[in-house]
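Novice: The structure that follows is given in the form of structure tokens.
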Ligand SMILES: Cc1cc2nc3c(=O)[nH]c(=O)nc-3n(C[C@H](O)[C@H](O)[C@H](O)COP(=O)(O)OP(=O)(O)OC[C@H]3O[C@@H](n4cnc5c(N)ncnc54)[C@H](O)[C@@H]3O)c2cc1C
């Protein structure tokens, strides 16, 4: 009997010990896996810091680590790649500067651990001050879309509509100006504003420095645009989640045409002056108009920075690459050291002789994918990279580069010039109109 009890006890001890060992093994395997994953994320963060991609430049997720329970829902939801990772059991930022502000992580997190912030303690972002009606400190000048700090097509559409609704409420019937409102910028915010103005029978002028579409027009042809359903005035609900650049542009063109709205393209607004409650708007081409209200929907990408060198006005010079497929057998120079310059040079190098000229000694702040593709193309002799060079003159069938600090000049055959020297933020333009700009250091713009 005693023996049987002993045997039973021994059997139980064995079973429990085995179960405990199994649990410990499973725990060790799990912890090892997590530790390995954390190390990979550590490496990615290190690389992001080296490449200058760790610090956010605009809107980005901010993670409250006390609330994060590492579900990974934020990572799954993010349409971009490696913006967030899990390290030591908590979500953490990796390539924050690559975030375009979709906010999918914000909505996906089940514990509401994510908020969206603009700027950081170290790097401030210039933003105009707006009240809840989207009006600036200059009464009568309103702002909608990304210029106000909130990116994305859907947000721009919504704000364009709301800002114009507020303009409708504030406008006096018997003003002396030629227009009720001048809408500046034909991106998603401006398009939505025009449709709202039309719906309310306002007399308006729609000005665009470039072409209809705003930032979307400059996307590569094959880019997938991620969006969520939105309500477009005079059209109704657009139930899109993933669309293409051309589908979105076609939609806008159709809606504007249907409502007989024309955008005055190639009309860059240069100044807005307020006189006795009426605004005088002047374009670079010298056209002038007066209006009772102004809606600025000019985004945050500004205008392409010019090099201000002889020959820059020639037709062969461009500041963006839209249709690389149609260009072949040409001698091309691409100027710049950022992602846009590298992506364009690589696209053109398939069918052309391309020189990439960059004024610095090394490329930094490049997306890892672009950095790798650039190295591969250079090794394969597909692309000629000239570091430490400056483009100094552009002639009809040649260009001149100065090399290094000594400034030795070399003349090269050339058919086309693409300049990607960044954009000039519209800060000066806004300040000239009297709009106050504040630097935001890590301000929360969306929270639960
Ligand atoms: C690479 C990249 C990828 C993105 N991907 C997505 C995505 O997948 N989904 C998404 O929802 N959003 C995406 N975005 C963000 C989205 O494109 C912008 O948030 C949105 O276009 C902002 O709209 P907006 O009307 O405020 O400004 P914009 O689209 O920037 O339009 C502003 C317009 O104003 C014009 N303008 C500027 N100054 C003047 C002037 N002085 N006079 C006359 N006209 C002027 C400009 O030429 C421009 O056409 C992406 C952005 C980038 C850069």
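The values are calculated or read from the model by the stated rules, or taken from the named source; none is laboratory data. What you are looking at is a predicted structure, and each value in this text was computed from that prediction instead of being measured. We place every Cβ from the backbone using ideal geometry, glycine too, and count neighbours over all the protein chains shown.
Novice: Looking at the range 30-44, can you tell me whether even one residue there is at pLDDT below 90 and at positive phi?
Specialist: no
Novice: Right, next: Just to be sure before I move on: is residue 242 near the ligand (Cβ under 9 Å from one of its atoms) and without any contact (Cβ under 8 Å) to a residue 24 or more places away in the chain in the structure I sent?
Specialist: yes
Novice: In addition: Which of the following residues is surrounded by 10 or more Cβ atoms within 10 Å (Cβ to Cβ) and under 30 Å from residue 442 (Cα atoms): 11, 37?
Specialist: Being surrounded by 10 or more Cβ atoms within 10 Å (Cβ to Cβ) and under 30 Å from residue 442 (Cα atoms) holds for just one of 11, 37, which is 37.
Novice: Also, I was wondering about something else. Let me confirm something: among 138, 157, which residue is in contact (Cβ under 8 Å) with a residue 12 or more places away in the chain and more than 30 Å from residue 242 (Cβ to Cβ)?
Specialist: Checking each option against the conditions leaves just 138.
Novice: Could you grab me the full set of residues in the range 67-81 that are in contact (Cβ under 8 Å) with a residue 40 or more places away in the chain and either surrounded by 17 or more Cβ atoms within 10 Å (Cβ to Cβ) or more than 18 Å from the chain's Cα centre (by Cα) (or both)?
Specialist: Across the range 67-81, the qualifying residues are 67, 68, 69, 71, 74.
Novice: Suppose the filter is within 25 Å of residue 53 (Cα to Cα), within 16 Å of the ligand (Cβ to nearest atom) and touching a strand residue (DSSP E or B) at 6+ places or on another chain (Cβ under 7 Å); does residue 340 pass it?
Specialist: The answer is no for residue 340.
For (1) out of contact with any strand residue (DSSP E or B) (no Cβ under 6 Å at 6 or more places or on another chain); (2) assigned by TED's automatic domain parsing to the domain that holds residue 372; (3) farther than 20 Å from residue 345 by Cβ, each residue gets a yes or a no:
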| residue | (1), (2), (3) |
| --- | --- |
| 384 | no, yes, no |
| 392 | no, yes, no |
| 399 | no, yes, no |
| 404 | yes, yes, yes |
| 411 | no, yes, yes |
| 417 | no, yes, no |
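Novice: Taking the range 399-411 as the region of interest, how many residues are surrounded by fewer than 15 Cβ atoms within 10 Å (Cβ to Cβ) and not in a loop (DSSP other than H, G, I, E, B)?
Specialist: Total satisfying the criteria: 4.
Novice: Residues of the range 359-381 being closer than 27 Å to residue 81 by Cα and in contact (Cβ under 8 Å) with a residue 12 or more places away in the chain, which ones?
Specialist: Once the filter is applied, which keeps residues that are closer than 27 Å to residue 81 by Cα and in contact (Cβ under 8 Å) with a residue 12 or more places away in the chain, the range 359-381 yields 362, 363, 364, 365, 366, 367, 368, 370, 371, 373, 374, 377.
Novice: Mind listing whichever residues of the range 297-334 are out of contact with any helix residue (DSSP H, G or I) (no Cβ under 6 Å at 6 or more places or on another chain) and in a strand (DSSP E or B)?
Specialist: Within the range 297-334, 303, 304, 317, 318, 331, 333 meet the criteria.
Novice: Quick one: in the range 289-300, of everything that is within 16 Å of residue 185 (Cα to Cα) and over 26 Å from the mean Cα position of the chain (by Cα), which residue is surrounded by the fewest Cβ atoms within 10 Å (Cβ to Cβ)?
Specialist: Here the residue is 289.
Novice: Please verify whether residue 261 is over 27 Å from residue 428 (Cβ atoms), in contact with a helix residue (DSSP H, G or I) (Cβ under 8 Å, 6 or more places away or on another chain) and outside any helix (DSSP H, G or I), treating the condition exactly as stated.
Specialist: Yes.
Novice: Quickly run through the range 197-213 and pick out the residues that are touching a helix residue (DSSP H, G or I) at 6+ places or on another chain (Cβ under 6 Å) and either farther than 25 Å from residue 426 by Cα or near the ligand (Cβ under 9 Å from one of its atoms) (or both).
Specialist: The answer is 200, 211, 213.
Novice: Another question about this same structure. Criterion first (surrounded by 13 or more Cβ atoms within 10 Å (Cβ to Cβ) and within 11 Å of the ligand (Cβ to nearest atom)) does residue 255 satisfy it?
Specialist: no
Novice: For the range 144-153, does any single residue satisfy the condition of being more than 7 Å from the ligand (Cβ to nearest atom) and surrounded by fewer than 24 Cβ atoms within 10 Å (Cβ to Cβ)?
Specialist: yes
Novice: What residue, of 306, 316, is within 16 Å of the ligand (Cβ to nearest atom), farther than 20 Å from residue 51 by Cβ and at pLDDT 85 or above?
Specialist: Answer to the selection: 306.
Novice: With the requirement that a residue be within 16 Å of the ligand (Cβ to nearest atom), surrounded by 18 or more Cβ atoms within 10 Å (Cβ to Cβ) and more than 30 Å from residue 70 (Cβ to Cβ), what does the range 102-143 give you?
Specialist: 127, 128, 130, 134, 136, 141, 142, 143
Novice: Let me ask another. Quick check on residue 161: is it in the same structural domain as residue 213 (by TED's automatic domain parsing), more than 29 Å from residue 365 (Cβ to Cβ) and either modelled with pLDDT of 95 or more or within 15 Å of the ligand (Cβ to nearest atom) (or both)?
Specialist: yes
Novice: Among the residues of the range 264-281, which ones are surrounded by fewer than 20 Cβ atoms within 10 Å (Cβ to Cβ), assigned to a strand (DSSP E or B) and away from the ligand (no atom under 11 Å from the Cβ)?
Specialist: Of everything in the range 264-281, those that are surrounded by fewer than 20 Cβ atoms within 10 Å (Cβ to Cβ), assigned to a strand (DSSP E or B) and away from the ligand (no atom under 11 Å from the Cβ) turn out to be 273, 274, 275, 278, 280.
Novice: Taking the condition of being part of a loop (DSSP other than H, G, I, E, B) and either exposed (fewer than 14 other Cβ atoms within 10 Å of the Cβ) or within 12 Å of the ligand (Cβ to nearest atom) (or both), how many residues in the range 214-239 meet it?
Specialist: 9
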